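The values are calculated or read from the model by the stated rules, or taken from the named source; none is laboratory data. Given the structure is predicted, the values throughout are model-derived calculations rather than measurements. So basically every Cβ, Gly included, is an ideal-geometry build from the backbone, and we count neighbours across all protein chains shown.
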Amino acid sequence: MKIFHSINEFVSTKKTILTLGTFDGVHFGHKTILNKLTQNTNHGDYESVVLTFFPHPRMVLQEKSAIKLLNTIDEKIELLADLAIENLVIHPFDTAFSKLTAEEFVRDVLVQRFNIQKIIIGYDHRFGSNRTADIHDLIRYGKQYNFEVEQITAQEIDAISISSTKIRTAILEGNLDLANAYLEYPYPLTGLVVKGKQLGRTIGFPTANIQIPEDFKLIPKNGVYVVQSHIGNEIVYGMMNIGTNPTVGGEKQSIEVHFFDFDKDLYHQVVKISVLHRLRSEQKFQNIDFLKAQLIKDEYEARAYCATYPSLHKNKRSY
């Protein structure tokens with residue numbers, strides 16, 4: 001998959017089949033649309049293009065938008081790369097771009113830059129300055145500029161919307177089993193390993209403290225989770241705590257991972273965590289000894305889950 005970080009970078013000698021959207025989560029509903037895209041390339045006569053934007057338009061157009069996303073750009077790129085898409089264009093969204101009229105967007109972007117043969121788009125899609133144009137305008141422009149418009153049905157769009165809402169709700173509630181079922185892959189968290197207070201090491205549970213730089217990334221509900229990570233050439237399992245560490249008087253939320261049977265220095269490395277399953281809520285214990293006793297139980301339960309994970313999810317991609 002070729003990646004372009006601006007519309008202006010894109011170059012092709014072929015006509016293109018294009019779809020556009022945020023595709024946050026790249027879940028099973030999105031894949032219905034993306035599969036249509038790749039199936040329309042007519043065995044190589046046309047090139048498939050996914051056009052997406054960053055920052056998310058709501059971050060730019062809505063003051064103090066508190067939107068939380070399922071994927072960072074890097075996570076989205078990796079997920080889309082699995083779907084046989086030939087070109088991904090991530091265009092910087094800003095106020096100037098938002099002011100393009102509908103016809104300017106069609107003529108200057110879709111036609112002149114992408115040389116489209118067909119656009120696959122939702123029936124409810126609106127575009128142009130102040131989102132004044134709709135699917136009927138796009139069909140009219142298609143006739144004017146000689147490209148096809150394929151509408152994604154209301155049922156498909158509703159299914160995508162419902163799925164995205166259910167995924168976000170499930171993650172916020174800590175129900176990763178449900179979220180992962182909708183996503184069709186384990187929910188990812190990607191961050192830099194930084195130094196923490198190193199209290200876990202003193203009780204036999206050293207942790208990697210994961211700092212996620214993107215403040216828009218949706219973080220699961222506080223609690224203890226079973227996780228998996230690819231570190232180098234190794235698949236490593238572990239358990240992760242999201243929370244404030246109330247037993248030791250913590251106040252700020254942190255993400256800490258204790259990897260099983262793994263003892264390598266990860267400081268200053270970027271680690272990708274796949275969140276597999278929630279074990280319990282975060283608790284405040286009477287003292288460190290009670291905390292350690294619970295962590296021993298958590299590890300036993302987590303290891304038991306990990307032992308069955310590959311067989312339970314034979315066909316599921318681990319992020």
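Selection of first residues in the range 119-139 that are in a helix (DSSP H, G or I) and of second residues that are modelled with pLDDT under 90, restricted to Cβ pairs under 7 Å at least 6 apart or on distinct chains, gives the following pairs, ordered by first then second residue: Ile135/Tyr123; Ile135/His125. Among the residues of the range 11-28, those identified as surrounded by fewer than 23 Cβ atoms within 10 Å (Cβ to Cβ) and under 19 Å from Leu100 (Cα atoms) are Leu20, Gly21, Thr22. When we screen Glu104, Glu75 for residues that are of a type outside the set (Phe, Trp, Tyr), under 16 Å from His30 (Cβ atoms), assigned by TED's automatic domain parsing to the domain that holds Thr13 and part of a helix (DSSP H, G or I), the only hit is Glu75.
Taking into account only those residues within the range 44-72 that are in contact with a strand residue (DSSP E or B) (Cβ under 9 Å, 6 or more places away or on another chain) and assigned to a loop (DSSP other than H, G, I, E, B), which is surrounded by the fewest Cβ atoms within 10 Å (Cβ to Cβ)? The selected residue is Asp45.
Asp124 meets the conditions (1) buried (at least 16 other Cβ atoms within 10 Å of the Cβ); (2) in the same structural domain as Glu78 (by TED's automatic domain parsing) in every case but one. The failed one is (1).
Within the range 263-293, being surrounded by 16 or more Cβ atoms within 10 Å (Cβ to Cβ) and more than 21 Å from Val248 (Cβ to Cβ) holds for Leu266, Val271, Lys272, Ile273, Ser274, Val275, Leu276, His277, Arg278. Only one of the numbered conditions (1) outside any helix (DSSP H, G or I); (2) surrounded by fewer than 14 Cβ atoms within 10 Å (Cβ to Cβ) is not met by Lys143, and that is (1). Has the range 124-144 got at least one residue that is touching a Leu at 6+ places or on another chain (Cβ under 6 Å), on the phi < 0 side of the Ramachandran plot and not polar (S, T, N, Q)? Among the residues of the range 124-144, not one is touching a Leu at 6+ places or on another chain (Cβ under 6 Å), on the phi < 0 side of the Ramachandran plot and not polar (S, T, N, Q), which makes the answer no.
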